[in-house]
Amino acid sequence: MKKEILISAALLAALFELTRCSDGTAGRSPEKMIDGMVASMTLEQKAEYVIGTGMMMHFPGPGERRNESDSSARRLGWQNTSDSFTDTAYTQMVDRIRTYLPGAAGFTAEFPDLGITSQALSDGPAGVRIEAHATAFPIATLLASSWDTDLVRKVGETMGHELLDFGGDVILAPGMNIQRDPLCGRNFEYYSEDPLVTGKIAAAFVTGVQSSGVGTSVKHFAANNQETSRRESNSIVSARALREIYLKGFEIAVKEAHPWTVMSSYNKINGTTASQNEELLTDVLRGDWGFEGYVMTDWFAGTDVVAQMKAGNDLIMPGRPQLIKQLIEAVNSGSLDESVLDRNIKRILPIMMKTPRYHKFEAAGHDLKASAKITREAAAEGMVLLKNDLNTLPVSPADFAKVAAFGNASYEPIIGGTGSGDVNEAYSISLVKGLREGGFTPDQGLEQTYGNYIKETRASQPLPSNPIIAIMRGMVPLPEMTVSPSLARKMAGASDVAIITIGRNAGEGGDRKAEPGDFYLNQTELEMIRNITGAFHAAGKPAIVILNIAGVIETASWRDIPDAILCAWQPGQEAGYSITDVISGKVTPSGKLAVTFPLVYTDAPTARNFPGTPVKSDAPEEPRQGSAFFPRTPPMEVVYEEDIYVGYRYYQSFKVPVAYEFGYGLSYTQFEYSNLSLGSETFDGELTVSVDVTNAGSVAGKEAVQLYVSAPGKEMEKPVQELAAFKKTRLLEPGETETLTFVITASDIASFDETASSWSVEAGRYALMVGASSEKIMETADFSVAEKMNAGSVSRSLLPQQEINRLSVNR
Ligand code: BGC
């Protein structure tokens with residue numbers, strides 16, 4: 001009930017104001033109220049408002065949980081404050097607001113006398129990251145693999161209600177950087193290698209969250225595609241690749257879903273730090289796309305607060321008192337016009353007026369059971385069945401009751417990645433628990449053996465000496481126990497099926513490595529798969545591999561061994577239940593890869609220049625904040641040589657074979673495609689396409705349908721094909737058909753013309769392909785564009801300062 005009141009209040013903010021009579025503001029429009037608030041603020045208050053109020057962090061000892069209300073919690077960045085910062089009213093205010101949502105990543109200041117309330121900003125993206133227990137949802141990569149915008153909207157809505165009920169205002173999500181290279185440590189927080197999938201899934205998430213009456217922060221804007229030297233790396237990238245690949249997803253999310261806020265990234269783009277980049281934050285974001293919310297920095301980003309203010313980075317997070325002083329001094333010395341602060345504040349206040357806190361919403365705790373149900377369902381929808389020889393899966397408890405579960409992650413699931421994208425969940429469901437409750441009988445002796453092994457191995461692992469690294473790195477998976485051929489034989493005699501879980505983690509602050517134990521399986525893991533499969537096959541029984549992973553790994557060298565492979569990603573706190581739902585057939589898998597699995601790492605187009613080349617830093621020592629958290633790496637220069645050829649755009653155009661292509665995923669049923677029909681043979685700015693999808697198998701299932709377009713590529717270089725639209729069917733019963741209809745617009749097929757700084761649709765014949773994956777094309781048709789079309793001109797921004805040696809199919 002209370003939520004409905006809040007939502008309608010947020011929508012009718014102006015009307016609502018009529019009831020706020022006590023401060024004499026009744027009857028005034030929100031704009032007038034904002035003008036009044038800004039006019040009443042002192043310079044000090046203005047500076048305090050655009051600088052966040054700091055970040056509390058408690059550094060837990062071994063086995064302890066994070067607890068920001070603990071008296072040992074430290075306010076990061078305040079230790080450098082000079083003695084002259086003695087504004088006790090400010091300090092008291094800061095102490096007060098941190099109690100609003102303990103464990104939130106940051107807060108904006110409040111000035112009750114002016115009617116200005118604080119905003120509690122909390123991570124994201126896999127759940128509400130606060131001190132209290134909250135729901136750990138599946139990672140972003142899994143959500144994108146569902147190809148289901150309705151589902152993602154529902155997840156967003158659920159997460160939004162959770163934030164609302166805990167007392168938060170804005171969730172620092174979604175993460176929507178492109179998965180440029182398979183090794184980026186934060187890929188798990190991002191959706192896809194494709195900008196359309198990224199944009200549409202992010203827009204659905206933002207719409208869902210914001211329908212609950214709280215805000216989002218789409219991050220990290222932009223071209224932030226690695227963690228090595230993350231605060232200082234310089235992404236050198238062409239205007240075309242920026243517009244088509246790295247900005248496109250943000251553009252879709254901003255235009256379609258109107259996020260309340262955007263978080264600028266740490267890195268430089270073509271030499272200018274994102275949070276100090278006026279072309280990015282003003283010309284592109286506001287000018288070209290019409291963004292109307294506010295921009296906040298990533299935490300401790302940037303080196304020049306005055307430049308950030310001028311560039312249109314409205315709020316500095318998490319904020320430090322010395323930055324407040326710097327802004328006041330800059331205004332007093334004339335190097336910053338006070339009107340810039342006014343402008344930025346006038347972008348923050350309208351969002352403040354939408355927040356629950358402004359509307360005096362009383363947080364009353366959340367029903368975590370309802371969220372758990374959604375999490376369980378969502379996770380099952382985004383798992384991808386990579387292999388299923390002889391229909392090994394599903395396995396029913398009636399026929400395969402006795403399960404031998406191998407691999408540490410069968411007992412200790414890796415439910416999400418580490419760093420700020422982690423969540424303080426109350427519990428997690430292991431695979432064996434899920435199996436047991438799903439009617440299977442996991443072998444108890446084996447469970448005991450793994451239990452002892454995990455306990456002993458963990459006790460012998462040294463803890464990182466730096467506690468911050470321990471928090472940010474989280475749980476590093478333990479090495480696997482050696483499974484000898486005799487243990488494998490024993491288990492094959494005693495069980496009906498083997499399940500082998502391979503676990504991988506990744507997180508903020510570091511990239512993964514193209515090494516055994518990370519991108520590649522190591523010897524112990526390979527032997528485990530070999531010995532177990534060998535023994536089970538000798539006994540006439542199947543072996544299944546579950547990938548409990550944060551991102552892409554190598555599969556080609558070992559995938560022939562087991563009977564089935566299910567990529568379960570990091571499925572959130574209900575992990576064991578969700579995996580059991582899929583392997584038992586309760587849910588038919590319908591996830592498809594939103595990122596390519598290459599044969600080997602060096603096949604990736606980015607492998608040659610990831611994570612870049614070290615360069616000398618020009619930044620002064622002190623503001624380079626990152627050193628407090630992470631080991632310092634030299635600043636990197638990363639040339640995006642692959643240009644527009646990211647992911648499948650590269651593998652297909654350059655004919656590089658892959659292990660599992662973009663859009664790939666099996667089902668327990670089969671789908672037939674028919675009746676592809678185009679609204680017209682000629683494209684005049686919009687084209688309607690429809691296709692029938694029939695469930696031709698024997699169990700109910702859903703199908704993610706992908707529409708690719710191949711352009712003439714005569715005037716402009718083009719990838720062989722690009723995704724132009726996608727949709728997922730509803731649950732189709734055997735024999736049932738659904739007609740899917742797509743509308744393709746000019747911006748879905750346009751390319752960015754750098755010379756004209758505009759989007760252009762080339763004239764000529766286009767092929768349209770409806771695929772079950774990017775390689776499995778089911779139906780094709782043609783359409784033509786009579787004359788070259790201009791699909792919109794934009795600002796001439798973000799140009800590289802140097803010639804880039806760009807990959808090209810035409811060379
Ligand atoms: C991360 C952001 C996060 C912020 C607040 C930063 O280190 O890059 O994604 O939202 O911290 O926790």
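The values are calculated or read from the model by the stated rules, or taken from the named source; none is laboratory data. Here the structure is a predicted model, which means the values were calculated and not measured. In this analysis, Cβ positions are derived from the backbone assuming ideal geometry, glycine residues included, and neighbour counts consider all displayed protein chains. Surface areas here come from the heavy atoms of the whole protein model, side chains and all, with no ligands, DNA or RNA. Shrake-Rupley method; radii C 1.70, N 1.55, O 1.52, S 1.80 Å.
Each residue of the range 167-177 in turn: what ³J(HN,Hα) in whole Hz from Karplus with 6.51, -1.76, 1.60 and θ = phi - 60°, glycine and Pro shown as x?
x, x, 10, 9, 9, 7, 6, x, x, 9, 6
Between the DSSP loop rule and a limit of at most 12 other Cβ atoms within 10 Å, which trypsin sites (Lys or Arg not before Pro) in the range 349-385 are left?
For trypsin sites (Lys or Arg not before Pro) across the range 349-385 that sit outside H, G, I, E and B with at most 12 neighbouring Cβ atoms in 10 Å, the list reads Lys360.
Using Cα atoms only, what is the angle between the long axis of helix 444-460 and the major principal axis of the chain, expressed in degrees (0 to 90) to the nearest 10?
Roughly 40 degrees between the two axes.
Using the heavy atoms of the protein chains alone and a 1.4 angstrom probe, what is the accessible area of the chain per residue in square angstrom?
Heavy-atom SASA per residue in the chain reads 35 Å².
For the range 653-811, what class follows from the C-alpha gyration tensor (a ≥ b ≥ c being the square roots of its eigenvalues): rounded when a/c is under 1.5, otherwise prolate if a/b is larger than b/c, else oblate?
Because a/c hits 1.5 or more and a/b exceeds b/c, the range 653-811 counts as prolate.
Of the accessible area of the chain, with the probe set at 1.4 angstrom, what percent is carbon plus sulfur? Kindly include the intermediate steps, with their values, before the conclusion.
Values: 14530 of 28680 Å².
Carbon and sulfur together cover 51 percent of it.
Give the lysines reachable from Lys616 as a straight Cα distance under 16 Å; neighbours fewer than 8 places away on the same chain don't count.
Counting by Cα, and skipping residues close in sequence, Lys616 has these lysines nearby: Lys268.
Taking the radius of gyration and the Kirkwood hydrodynamic radius from Cα positions alone, what is the Rg/Rh ratio for the range 471-543, to two decimal places?
That ratio equals 1.10.
Can you spot the lysines whose alpha carbon is less than 27 Å from Lys360's alpha carbon? Ignore those fewer than 8 places along the same chain.
Lys2, Lys3, Lys32, Lys46, Lys154, Lys346, Lys369
In degrees, nearest 10, range 0 to 90: what is the angle between the Cα axis of helix 321-333 and the longest Cα principal axis of the chain?
Relative to the chain, helix 321-333 is tipped by roughly 40 degrees.
Mind listing the long-range amide H neighbours of Leu676? Cut-off is under 5 Å, sequence gap 5 or more, other chains count too, H placed in the peptide plane at 1.01 Å from N.
Asp692
Give me the lysines in straight-line cross-link reach of Lys788: C-alpha distance below 16 Å, same-chain residues under 8 apart excluded.
Those lysines meeting the cut-off are Lys714, Lys718.
If I fit a long axis through the Cα atoms of helix 88-97 and take the longest principal axis of the Cα atoms of the chain, what angle between them do I get, 0 to 90°, rounded to 10?
30
Apply the Karplus parameterisation 6.51 cos²θ - 1.76 cosθ + 1.60, with θ equal to phi minus 60°, to every residue of the range 182-188 and state each ³J(HN,Hα) to the nearest whole Hz, in sequence, with x for glycine and proline.
Listing the rounded values in order: x, 8, 4, x, 9, 3, 4 Hz.
Cα-Cα over 21 Å: which of Lys387/Lys586; Lys402/Lys592; Lys200/Lys727?
Over 21 Å apart, Cα to Cα: Lys402/Lys592.
Using θ = phi - 60° and the Karplus form 6.51 cos²θ - 1.76 cosθ + 1.60, what ³J(HN,Hα) does each residue of the range 643-654 get, whole Hz, x for Gly and Pro?
Calculated HN-Hα couplings, in order: 6, 7, 8, 9, x, 4, 4, 7, 4, 6, 5, 9 Hz.
If you average the C-alpha positions of the range 785-811 and of the range 511-537 separately, how far apart do those two centres end up, in angstrom?
If we compute the Cα centre of each part, the gap is 43 Å.
Before anything else, pin down the relative contact order of the chain: Cα pairs under 8 Å, at least 6 apart, normalised by residue count, whole percent.
14
Take the Cα gyration tensor of the chain, multiply each eigenvalue by 5, square-root it, and list the three semi-axes largest first, rounded to whole angstrom.
After diagonalising the Cα gyration tensor, the semi-axes are 42, 33, 26 Å.
Using only the Cα atoms of the range 381-602, build the gyration tensor, take square roots of its eigenvalues as a ≥ b ≥ c, and label the shape rounded, prolate or oblate: rounded if a/c is under 1.5, else prolate if a/b is larger than b/c, else oblate.
Rounded, because the longest to shortest axis ratio a/c is under 1.5.
At a Förster distance of 35 Å, what's the computed FRET efficiency of Asp389 paired with Asp367, Cβ-Cβ distance as r, to 0.05?
0.25
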